[in-house]
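The values are calculated or read from the model by the stated rules, or taken from the named source; none is laboratory data. In this text the structure is predicted, and so the values were computed from the model without any measurement. No Cβ is skipped: glycine too gets one built from the backbone with ideal geometry, and neighbour counts run over all protein chains shown.
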Amino acid sequence: VDNSHIGTGNRQVRVAKRAIGVPSPDVFSVVDAALPSCPPDGVLVRVMFAAVDPAMRGWLSSETNYLTVATGAVMRAEGIGEVVESRHSDWHRGDWVYGSFGWQRFCAAGVSDLRWRIDPSIAPPAVWLGALGLNGLTAWIGLNHFGRPRSGEVIVVSTAAGAVGSVVAGLARAAGLRTVGITRGAAKITRCIETLKYDAAIDYGDARSLGAAVAAACPDGVDIFYDNTAGAIADAVFPVLKRGARVVQCGTVAVQNWLDAPAGPRRERDILVKRLSWHGFVVIDHENLYPEARADLQRAWLAGKLDAQTEILDGLDAAPGSIRHLYEGHNTGRLCIRP
Ligand SMILES: NC(=O)c1ccc[n+]([C@@H]2O[C@H](COP(=O)([O-])OP(=O)(O)OC[C@H]3O[C@@H](n4cnc5c(N)ncnc54)[C@H](OP(=O)(O)O)[C@@H]3O)[C@@H](O)[C@H]2O)c1
């Protein structure tokens, strides 16, 4: 195959050292490597969009986690790309694919790195990385499998304006729930109300008493708490959970590290007396639900029920600072890099 048109170099972002807390730019090094060749039984992918995810903090930490990226390796990341060469009969040059391609321009991908083909005529490629990708699957599985929503119920969502939170809002609204979002800053409150159509939105930075603000927004209590933050926000929501409420622990973005167990109110009595259920989940454990979830997400997207805003950072030089950007809450919707 003549690949002369794509050049000879492969810019990559590699892990230089372990991170403590939110990874700072010096955790990474940006290098110019040689263009890899297409692996036997695999494909060569030109990466078009690479994800930036809060989970990356855990992958780079020395704390025990469900997944880690070794020092020296290319930073792991989900991505959207185009097959530029294939040595596998199921994948063809010109296919648009979703997979685990890392923070680099080209990825020599084995079939296990490839998740599925995407159809750019249904949605722009970056949306396939967000609302129609793992963010959407996370929202769908957390809400439907663990939250078990019923029409008329009340759901509270933390990181309400973010990539996962905005899909939870769209799906919950479509299922007939009353939706309450928690986020920070006037711009995101406006986005929650006007674009994502939450019934109420609470600024956790403003509220003098977050607990009182949550109680005022949910006078009849809360049936589902879709929690992406833990910490002070969760402390404010637990007291208003109703009997039989479901807590979906999707993320813990507000807690800097778990080495020194953070102190907070104890909730065992609430769990017992209110018959609460509190489920943690990691989306990649639920591949059996992907086909149903993907079909439903695509239907919701085509029906205009999902907002899939993306923020795109240009060039891999932006990657080392991108996780901090996310943790400072500067992103609106799905943050990704165009390598
Ligand atoms: N369980 C799973 O399988 C799974 C899969 C994917 C994602 N997740 C989790 O889902 C959550 C959202 O991820 P995402 O990709 O959609 O990111 P995102 O919400 O688009 O971006 C992260 C957001 O976190 C908020 N944040 C940062 N520091 C915070 C703090 N100290 N206190 C409260 N909020 C803070 C910021 O929003 P504000 O401006 O609102 O503060 C920021 O925009 C994360 O917890 C992530 O780990 C879980």
Test: residue in segment 319-326 that is hydrophobic (A, V, I, L, M, F, W, C) and in a loop (DSSP other than H, G, I, E, B): yes
Residue within segment 100-108 that is of a type in the set (Gly, Ala, Ser), surrounded by fewer than 21 Cβ atoms within 10 Å (Cβ to Cβ) and more than 22 Å from Ala318 (Cα to Cα) present: yes
Failed item in (1) under 26 Å from Gly130 (Cβ atoms); (2) modelled with pLDDT of 95 or more; (3) among the small types (Gly, Ala, Ser), with Ala16 passing the rest: (1)
Residue match in segment 29-37 (condition: modelled with pLDDT of 95 or more, crowded, with 20+ Cβ neighbours inside 10 Å and of a type outside the set (Asp, Glu)): no
Single condition Ala108 does not satisfy, out of (1) at pLDDT 95 or above; (2) out of contact with any Ser or Thr (no Cβ under 8 Å at 6 or more places or on another chain): (2)
Residue in segment 119-144 that is nearest to the ligand (Cβ to nearest atom), counting only those that are buried (at least 23 other Cβ atoms within 10 Å of the Cβ) and assigned to a loop (DSSP other than H, G, I, E, B): Gly130
Hits in segment 218-235 - residues which are touching a strand residue (DSSP E or B) at 6+ places or on another chain (Cβ under 8 Å) and within 14 Å of the ligand (Cβ to nearest atom): Phe225, Tyr226, Asp227, Asn228, Thr229, Ala230, Ile233, Ala234
Strands (runs of 3 or more DSSP E) within segment 145-211 that include 2 or more residues within 15 Å of the ligand (Cβ to nearest atom), in contact with a Lys or Arg (Cβ under 9 Å, 6 or more places away or on another chain) and within 22 Å of Ala232 (Cα to Cα): 178-183, 200-203
Qualifying positions in segment 74-132 - without any contact (Cβ under 8 Å) to a residue 24 or more places away in the chain and on the phi > 0 side of the Ramachandran plot: Gly94
Where a residue in segment 325-339 is within 19 Å of Ala186 (Cα to Cα) and near the ligand (Cβ under 7 Å from one of its atoms) and its partner, wherever it lies, is of a type in the set (D, E, K, R) and in a loop (DSSP other than H, G, I, E, B), with Cβ under 9 Å and at least six apart: Leu326/Asp53; Gly329/Arg184; Gly333/Asp307
Among residues of segment 259-293, those that are surrounded by 17 or more Cβ atoms within 10 Å (Cβ to Cβ) and within 19 Å of the chain's Cα centre (by Cα), counted: 4
Residue match in segment 49-60 (condition: crowded, with 17+ Cβ neighbours inside 10 Å, of a type outside the set (A, V, I, L, M, F, W, C) and not in a loop (DSSP other than H, G, I, E, B)): yes
Failed item in (1) surrounded by 21 or more Cβ atoms within 10 Å (Cβ to Cβ); (2) more than 26 Å from Lys17 (Cα to Cα), with Gly94 passing the rest: (1)
Given (1) in a loop (DSSP other than H, G, I, E, B); (2) surrounded by fewer than 19 Cβ atoms within 10 Å (Cβ to Cβ), number of the condition Trp116 does not satisfy: (1)
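Listed here are the residues, each with its yes/no results for (1) within 18 Å of Ala126 (Cβ to Cβ); (2) part of a strand (DSSP E or B); (3) touching a helix residue (DSSP H, G or I) at 6+ places or on another chain (Cβ under 6 Å).
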residue	(1), (2), (3)
Ser37	no, no, no
Arg46	yes, yes, no
Tyr66	no, no, no
Thr71	no, no, no
Glu82	yes, yes, no
Glu85	no, yes, no
Gly99	yes, yes, yes
Gly102	yes, no, no
Cys107	yes, yes, no
